Amino acid sequence: MRYIYDEQGVTFNYFILTFLSLFLIPTTLSLFLNKNKDSTLRKSTCNCEACLRKENFLKNRKTSLSDRINKKAIFAAVGWVFFAYLIYQITTVKFEIDVWDPYEVLGISEGSTLPQIKKHFKELSRKWHPDKAPADQKAEYESKFIDFTKAYKVLTDDDIRKNYEEWGHPDGKQAYSLGIALPTWLIEAKNSPFVLGIYALAFGIGLPFFVGRWWYSSNSYTKDKIRTHTMDLYFKELRNNSTIRQILDLLSASVEYKELVEQRASDETLLPQVTSSVKEELDKRFSEKYQMSKRYTAPYCQKANALLHAHLLRVNFSDEDLLKDKYFIVERSIHLINGILDIALAHRWLQTSLRCMELSQLLVQAMWFQENMLVQLPYINQDVLKTMKIKKKNIRNIAQLRDLSEEERNNVFKGSFSPSEYDSLMRIAKLYPLLQVDRAYFKVVGDKIITPGSIVTLIIKLRIVNSKSKAEEIKMNGVSNDDDDDEEEKGSYLDSEDELLYGGNKNKQISNEKNDFVHAPYLSRDKKPYWWIFMADDKKDKIIIEPMKVTDIVTTRTIKRQFQAPQEPGLYSFVAYIKSDSYVGTDIRKDLRLDVKKLSELPPEEELDDDISEPEEDSLAGQMKLMREQGFAAAVAGGGGDQKTKKEDDDSDSSDSDDD
């Protein structure tokens, strides 16, 4: 019995299916997860005009065919179609079973006797003997005669019949070989030039091309996914006295905007309109003039600069393509600020680093530099702020607004909002995080004072004032026990902007407490807030402890950072900074004093008291005491006080005898 089917084709199809699955499954999962992420991030946090505009934009973009069709989606779709075709090919392969039966070959029944078999074989031999075959049918006659002979021997020879019954073949167990099942067209000699051409294209051109492309791509980006050319530009142009406007201009010159933002023909008409609106807003609200950067004059720089200004001034425009570009540029700028900040931190520039952090806050909240902090809340605009000033309630921040009583707030906002708008405004205001430093101090492990060059630990105990958890029970005077110094640090510590932007969390350390997303209706996606915590020397404009990014500060957090104390004794003034990346007005500046003492002021080490009790001589403690008093030799000899006296007497006697 043997099975006849396209073994090579089926095996090759299985190989292709396995190879395809290695690419299709991760690609499809990536598309699916990105789709789910977009659906969870696009929930409106309130019903303010900006949030509704954002939601409408995302709905339109979600149904847009151009956003759904990309290279990855096309590859996945074509791949799965080919995958399904291969499965169909495999499942529809026809299996034909060819059973070699000697009775069937001879054309007799299984119950035939030996004489009947011999008689029938002689008849077939006379009919199909090759010597009687016509010239044109000689091959057919030979084949049939061989089959008849083999069948006859199986049925008449005991040994051959036994082989057939046991192994299914007259010759006994058959040898078999293993090999790679390839389609016949791939190994046929006439197709060799074609196959060699495919190999040449795949391994001679394709493989080097893709390896080179991967290598170029990996070298073109830093570990934070910023173009190396962009970082080169930041390094050359950033200064220790760069202003926020100069940093904003530097952002607009990033190479990412040249490569990833499309320059459309419609920009020649739309961008001048945006620029005109920006100039009008600046002049009307802040009496400032808008000027395009004279240093970065490339079209992509001018476009990015105009859209960043439009975002900060909350200038609205209806063109969806331009709006899409604005969202991309703003959100990428929030990421790129970390690249500029890295350059500033490499130089230890304090003021430039602070300006980078402040610009991040302004981009997230879409606020101009001198704008009132209350505009971070929904429904509050310039008209509402003017009304609040007229009523002599010049409230400058959200903390002051929340401190007002319900009656005072109603008087301030009387007639400005509907009940639903007021409820939404106060709900967002209560989510606004107000941090407080309960305690900040220095400590050296193992010493009571700080000496020159010692490793000092800065301990900062933070608390969110508006937290509804048990943290509110902490005393407001900031007094805490030193027993909490060894408290385990809580919260999530982030190293990469990919983990920070839009709520991504790749941290190994997971906290049950999570911050709410920032109310940022002028971003297209939700963002998770975090804080920079660091220490600096204001007088020297130098950062002493580099910023650490901390997220999920919901109740209380204890932050510990180490640095080396100055090499000279004295009293040093430092400042601890807690800077938000997303909220304006939540920053904390805490003055610190570091008193470095001389090494001579270290207290003497306490001596151990060995006279607590007199141990027994036979005990281990007694033997140790004996070693200290008489020396190691006496202890090894096992002598006590009597033995020592006896030895001294013997020495004395021998001396006397020698004198005699």
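Structure data summary
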read-out: Residue that is surrounded by the most Cβ atoms within 10 Å (Cβ to Cβ) [pool: residues in the range 529-548 that are touching a Phe, Trp or Tyr at 6+ places or on another chain (Cβ under 9 Å) and in a loop (DSSP other than H, G, I, E, B)]; value: PRO529
read-out: Which numbered condition LEU363 misses (of (1) surrounded by 22 or more Cβ atoms within 10 Å (Cβ to Cβ); (2) at pLDDT below 95); value: (2)
read-out: Of all residues in the range 268-298 being part of a helix (DSSP H, G or I) and in contact with a helix residue (DSSP H, G or I) (Cβ under 6 Å, 6 or more places away or on another chain), the one that is farthest from HIS311 (Cα to Cα); value: LEU270
read-out: Residue count, the range 562-607 (criterion: closer than 30 Å to LEU363 by Cα, among the aromatic types (Phe, Trp, Tyr) and in contact with a strand residue (DSSP E or B) (Cβ under 7 Å, 6 or more places away or on another chain)); value: 2
read-out: Test: LEU233 is in a helix (DSSP H, G or I), under 29 Å from the mean Cα position of the chain (by Cα) and either closer than 22 Å to PRO521 by Cβ or in contact (Cβ under 8 Å) with a residue 60 or more places away in the chain (or both); value: no
read-out: Within the range 549-583, tally of residues that are more than 29 Å from the chain's Cα centre (by Cα) and either more than 29 Å from GLY453 (Cβ to Cβ) or assigned to a strand (DSSP E or B) (or both); value: 7
read-out: Count of the range 147-180 residues which are closer than 13 Å to PRO102 by Cβ and modelled with pLDDT of 70 or more; value: 15
read-out: Count - residues of the range 195-226 that are under 24 Å from the mean Cα position of the chain (by Cα) and of a type in the set (Phe, Trp, Tyr); value: 4
read-out: Contacts under 8 angstrom Cβ, first residue in the range 271-298 being within 14 Å of TRP368 (Cα to Cα), partner assigned to a helix (DSSP H, G or I) and at pLDDT below 90, 6 or more apart; value: ARG285/GLN382
read-out: Given (1) farther than 26 Å from GLU237 by Cβ; (2) touching a helix residue (DSSP H, G or I) at 6+ places or on another chain (Cβ under 6 Å); (3) of a type in the set (A, V, I, L, M, F, W, C), number of the condition LEU374 does not satisfy; value: (2)
read-out: Every residue from the range 354-404 that is more than 29 Å from ASP537 (Cα to Cα) and among the basic types (Lys, Arg); value: LYS386, LYS389, LYS391, LYS392, LYS393, ARG402
read-out: Any hit, the range 222-245, residues being touching a strand residue (DSSP E or B) at 6+ places or on another chain (Cβ under 9 Å), closer than 27 Å to LYS294 by Cα, of a type in the set (Gly, Ala, Ser) and at pLDDT 75 or above; value: yes
read-out: All positions within the range 211-240 that are under 16 Å from LEU345 (Cβ atoms) and either in contact with a Pro (Cβ under 9 Å, 6 or more places away or on another chain) or surrounded by fewer than 17 Cβ atoms within 10 Å (Cβ to Cβ) (or both); value: THR222, LYS223, ASP224, PHE235, ARG239, ASN240
read-out: Residues satisfying the stated conditions in the range 560-581, i.e. in contact with a helix residue (DSSP H, G or I) (Cβ under 8 Å, 6 or more places away or on another chain) and aromatic (Phe, Trp, Tyr); value: TYR577
read-out: Scope the range 526-559; condition basic (Lys, Arg) and modelled with pLDDT under 95; matching residues; value: LYS527, LYS528, LYS539, LYS540, LYS549, ARG557
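The values are calculated or read from the model by the stated rules, or taken from the named source; none is laboratory data. Predicted, not measured: the structure shown is a model, and the values here were computed from it. As a convention, Cβ positions derive from the backbone with ideal geometry for all residues, glycine included, and neighbour counts pool all protein chains shown.
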